[in-house]
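Step one of this worksheet: look at the structure below.
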Amino acid sequence: MSEERCRSGRVFAVLFLGCGFVLLSLWRVAQIHNTSLWWMSILLLPFVVASLVLMISGRDSDMKRCNIIITLFLPAAVPPLIILEINIFDFRQTANSASDKSNLNQSEIWPTFLMPAFFFLILIGRWILPTKKLSRKQHGELLMLYLTTTFDVMEILNALKEDVIRSDRNLTIGAISLWTFSLLQFAFVMTSKSGEEHRGLIIPCHKCVCPGSTDDHDWKSTELKSIWLSLIVQDIPFFVFRLVLIFHYHVYSSSSISFAVKNFAIIVVQIIRTCARCCSD
């Protein structure tokens, strides 16, 4: 009974924080546009219903291939953030007077605060939501992996600070679209019988896995899926976007070049790991 209450308490904590974040974001959007956009809060309904079902049933939040809570939270939380970012771009193009620039600086504070808060909720949610049984050590390793992925995803937002992107609406929308697409990896669950995996890395269970066994094949198959999920939704799109900035728009800032080199290195390493796994079969 105490374990069930603990599980329900963790789900309730994620539900409370998630609803509070979305409502705060919607309030800011409605304040900027001087209109009522609270109808968008209806997107919270599936998230709330799923959370309540988990609290009552005591089931794990991880389904076969996705975390149901995170999957339903993303469509509710992401749209207000996108609206705020695009609104800042539009405001930046029309800000001429000193008062307008002052209002622009105040408007930029909100995404600066909400973006880290959003990733904090995703990180905490993926860590504390009831899932398959893991030891404390495995939970700690899982948290570090999610933390690394979070910082990798946030790096694309730094591109919005480039002058060429700040003045180009299509590039701004492109960067935001890549950021949104990369969030899909937080919703997917890559599990195997031999361990918990994320971004191509295995959190091993304390269990012997014999080469050639069913568990060994499941371990390798899951690792390959995780590697290619990371490449498709994050590493390759980010790398291509950086190349476009460097070679087409001539953005030679240190951040663009360093992130492009980093993405290229990750892609090469992941391809090598894929070849190694395929050859080992």
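The values are calculated or read from the model by the stated rules, or taken from the named source; none is laboratory data. Computed from a predicted model, the values in this text were never measured in an experiment. Positions of Cβ are generated from backbone atoms using ideal geometry, with glycine treated the same way; all protein chains shown enter the neighbour counts. Surface accessibility is based on the protein's heavy atoms, side chains included, excluding ligands, DNA and RNA. Shrake-Rupley method; radii C 1.70, N 1.55, O 1.52, S 1.80 Å.
Name the residues in the range 141-166 that are β-branched (Val, Ile, Thr) and under 15 Å from the mean Cα position of the chain (by Cα), would you?
Thr148, Thr149, Thr150, Val153, Ile156
Do we find that Arg10 is open to solvent by 40 Å² or more (accessible area, probe 1.4 Å) and either modelled with pLDDT under 90 or at negative phi (or both) in this structure?
So Arg10 fits the description; yes.
Please list, ordered by first then second residue, the pairs with beta carbon atoms under 8 Å, 6 or more apart or interchain, first in the range 258-281 and closer than 10 Å to Ile227 by Cβ and of a type in the set (S, T, N, Q), second modelled with pLDDT of 90 or more and assigned to a helix (DSSP H, G or I).
Gln270/Leu231; Gln270/Asp235
Are any of the residues in the range 170-187 aliphatic (A, V, I, L, M), at pLDDT below 85, surrounded by 15 or more Cβ atoms within 10 Å (Cβ to Cβ) and farther than 25 Å from His250 by Cα?
yes
Which one of these is out of contact with any strand residue (DSSP E or B) (no Cβ under 7 Å at 6 or more places or on another chain), at pLDDT below 85 and open to solvent by 10 Å² or more (accessible area, probe 1.4 Å): Gly212, Gly200?
So the residue among Gly212, Gly200 that is out of contact with any strand residue (DSSP E or B) (no Cβ under 7 Å at 6 or more places or on another chain), at pLDDT below 85 and open to solvent by 10 Å² or more (accessible area, probe 1.4 Å) is Gly212.
Taking the condition among the β-branched types (Val, Ile, Thr), in a helix (DSSP H, G or I) and more than 19 Å from Leu81 (Cα to Cα), does Val11 pass?
When the stated conditions are applied, Val11 passes them.
Taking the range 249-281, which residues are open to solvent by 20 Å² or more (accessible area, probe 1.4 Å), closer than 17 Å to Ile156 by Cβ and not aliphatic (A, V, I, L, M)?
Tyr249, Ser253, Ser254, Ser255, Ser258, Phe259, Lys262, Phe264
Condition first: modelled with pLDDT of 90 or more and open to solvent by 40 Å² or more (accessible area, probe 1.4 Å). Now tell me which residues in the range 68-78 satisfy that.
If the condition is that a residue be modelled with pLDDT of 90 or more and open to solvent by 40 Å² or more (accessible area, probe 1.4 Å), then Leu72, Pro75 are the ones that fit.
Between residues in the range 12-39 that are over 20 Å from Thr112 (Cβ atoms) and residues that are open to solvent by 20 Å² or more (accessible area, probe 1.4 Å) and among the polar types (S, T, N, Q), which pairs lie under 9 Å by C-beta distance while being six or more apart or on different chains?
As it stands, the answer is Cys19/Ser41, since those pairs meet every condition given.
Here is a list of conditions, (1) open to solvent by less than 50 Å² (accessible area, probe 1.4 Å); (2) modelled with pLDDT under 80; (3) within 23 Å of Ile176 (Cα to Cα), and His33 meets all of them except one; can you say which number that is?
Of the numbered conditions (1) open to solvent by less than 50 Å² (accessible area, probe 1.4 Å); (2) modelled with pLDDT under 80; (3) within 23 Å of Ile176 (Cα to Cα), the odd one out for His33 is (1).
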